[in-house]
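The values are calculated or read from the model by the stated rules, or taken from the named source; none is laboratory data. This structure is a prediction, so every number in the text was calculated from the model and none was measured. Neighbour counts are summed over all protein chains in view; Cβ atoms, including those assigned to glycine, are modelled from backbone coordinates with ideal geometry.
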Amino acid sequence: MHLDIRDRLNACLKKLNIEFSKTLELEIPKNESFGDLSTPLAMDLAKILKKPPKQIAESIVSNIEKDIFESIDIAGAGFINFRLKRNFILSKLTSLLEKGDDFFILDIGKGRKVQIEFVSANPTGPLHLGHGRGAAVGQALANILKESGYDVSTEYYINDAGRQVELLGMSVYIALQRLGGKDIKMPDECYKGEYINELAKELYQIYGNELINKDFDEINGIIIDFSYKKILNEIQTDLKDFGVIFDKWISERKLYHTGEVQSSIIKLKEKGYIYEKDGALWFRSTVFGDEKDRVVVKSDGSYTYFASDIAYHKNKIERGFDELINIWGADHHGYIKRVMSAVQALGIDSSQIKILLIQMVNLLRDGMPVQMSKRAGTFVTLRELMDEIGVDTTKFIFLTRRHDSHLEFDVEIAKKQSQENPVFYVQYAHARINSIFEKANTECKNIDFALFNDHEIRLIKKILLYPMIFEFAVLMREPHRITFYLQDIAGEFHSYYHKYRVINEDKALTETRLCLCKALMLVLKHGLRMLGVKAPEKM
RNA sequence: GCGCCUGUAGCUCAGUCGGAUAGAGCAACUGCCUUCUAAGCAGUGGGUCAGGGGUUCGAAUCCCUUCAGGCGCGCCA
């Protein structure tokens, strides 16, 4: 619907010889009496053309093709308000019913290659809530970008090298020693939690006392590999059960084995961004606005995590993506500048990489925040939450906030099956419609537009607005906009459902209303699919 | 101390890179099940957009500043 208006606006601008390269903005007016859709275009153009907005608006209004409009008004400081013809709205409805899911296909991406890297949790422990939120957002983002014409590739970067996995190995080694009766304290920096003991037990079952009597240095390889692979396996299972699929899992170790870490530093060195100080090699990130330069090779000759991350980004860039999206936990925000610096030093435009920060999740139980500490091993895992609350609810709630905003996750509300729980509210609308179709002895056919009342026309307009919401979610890379829309439209439907009977004595009216239901069902199903949430037929 | 993020109704949060009279859900209160699922609906009240300055036709949105909260400031990852 909005695209039809935009097309006419663009054609009109062309006719008037006005250049406007941005995506033309259409919005839902604050007040319904203003019209169906409006645009602040004239006010934007006023700045460029240095003419009064009303004058521009008038010129647009008199030159635009008016076939689909009931009326076009200029209001306020220069808004152009459009009211669509009833016939046009109904033709769009017909089109939606005919095309089904194809109606929602947009070609914004035009095949541009986008890579989304997300979760990428260290394989040193189970996934927790924050990872879950990142997983839900990343997958939803992948879904909507795919659906809108991007060539999307999702990826998980496995930090299977370096200090953290070594610490994991050490932790399991010590647990193993304790299992063998040795009285050793678990050092502070080590990982705790029951899963460490489990890993030790499993190793004991395989190797018996063999490992216990050896020094860590002799057997660290065995322990580290066994442990991180086991954990990675569980992470993969958890993500799969959470409905998150990665196209590619890439290993940090591999970047060392292929020499990419080394070569990327050489490349930076050639460009003059590397220097030596205090026996270490530093990257000049301050050139790009970082607050200090960063070490890439330590004085003991080993690489920092940053070094392999540079190699990873170089690797991504060389794979020819047009856009890279990194989804990180908000606690990594201090890391953004140096990665952006490295990426720029490697020669790509910083606008090609976007880093989305996922804010913290606070878990509430009985109205009280649950304290989480990774060190103490007292954190709530994604697995626990999935098992307790269900995959759909968990995902949906993760998507009810802007990624940038703190999320309060109330377990009690999530478990409630009522209006307080937004997922059920939306799913229930879908199930209700499905149930109507089961009860009806007929289907959506012989649609008679004359039978729609004003309430229904309003609802149809709202349904047809979905592509605009979807487009905006894509352009802004913000899946939560779909979540909000779905709650909104579900509410409209529940209200409609109570006021009017779909199945009634009048066959023509019944069939016409079934078409409205069908259209809404298509939208609900599509929206939920984008979020990765099921649209149940029965509840 | 420095940097980043946040501050919108009692609570949880939307709000289009500056636009029209700032919205929703929950909670509170009042009603609605012999009719397609009450996991639902209808109605009522609720605001100094943290405070203060500035920028302009116009600010919740941009700039400065104060306050409050979160996070980050390793040759850790």
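Results, tabulated for the structure shown:
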{"read-out": "Members of the stretch A:190-226 found to be among the hydroxyl-bearing types (Ser, Thr, Tyr), crowded, with 17+ Cβ neighbours inside 10 Å and under 18 Å from A:Gly180 (Cα atoms), listed by number", "value": "A:Tyr195, A:Tyr204"}
{"read-out": "One residue from A:Lys337, A:Lys374 being among the basic types (Lys, Arg) and at pLDDT below 90", "value": "A:Lys374"}
{"read-out": "Condition met for A:Lys182 (more than 30 Å from A:Asp102 (Cβ to Cβ), out of contact with any His (no Cβ under 9 Å at 6 or more places or on another chain), basic (Lys, Arg) and modelled with pLDDT of 95 or more)", "value": "no"}
{"read-out": "From A:Phe226, A:Phe246, residue being in a loop (DSSP other than H, G, I, E, B) and away from RNA strand B (no atom under 16 Å from the Cβ)", "value": "A:Phe246"}
{"read-out": "Selected residue (criterion: nearest to the chain's Cα centre (by Cα)) from residues of the stretch A:26-55 that are within 11 Å of RNA strand B (Cβ to nearest atom) and among the β-branched types (Val, Ile, Thr)", "value": "A:Ile28"}
{"read-out": "Residue check, A:Phe283 touching a residue at least 60 places away in the same chain (Cβ under 8 Å), more than 8 Å from RNA strand B (Cβ to nearest atom) and over 27 Å from A:Phe246 (Cβ atoms)", "value": "yes"}
{"read-out": "Selected residue [surrounded by 20 or more Cβ atoms within 10 Å (Cβ to Cβ), on the phi < 0 side of the Ramachandran plot and either within 14 Å of RNA strand B (Cβ to nearest atom) or assigned to a helix (DSSP H, G or I) (or both)] from A:Ser264, A:Ser299", "value": "A:Ser264"}
{"read-out": "Check on A:Gly169, small (Gly, Ala, Ser), within 21 Å of A:Tyr207 (Cα to Cα) and assigned to a helix (DSSP H, G or I)", "value": "yes"}
{"read-out": "Qualifying residue in the stretch A:454-468 (condition: within 10 Å of RNA strand B (Cβ to nearest atom), among the hydrophobic types (A, V, I, L, M, F, W, C), free of Cβ contacts under 8 Å to residues at least 60 places away in the same chain and closer than 22 Å to A:Lys146 by Cβ)", "value": "no"}
{"read-out": "Complete set of residues in the stretch A:434-467 that are among the small types (Gly, Ala, Ser) and not in a helix (DSSP H, G or I)", "value": "A:Ala440"}
{"read-out": "Looking only at the stretch A:302-334, and only at residues there that are farther than 23 Å from A:Glu276 by Cβ and within 9 Å of RNA strand B (Cβ to nearest atom), the one that is surrounded by the most Cβ atoms within 10 Å (Cβ to Cβ)", "value": "A:Gly329"}
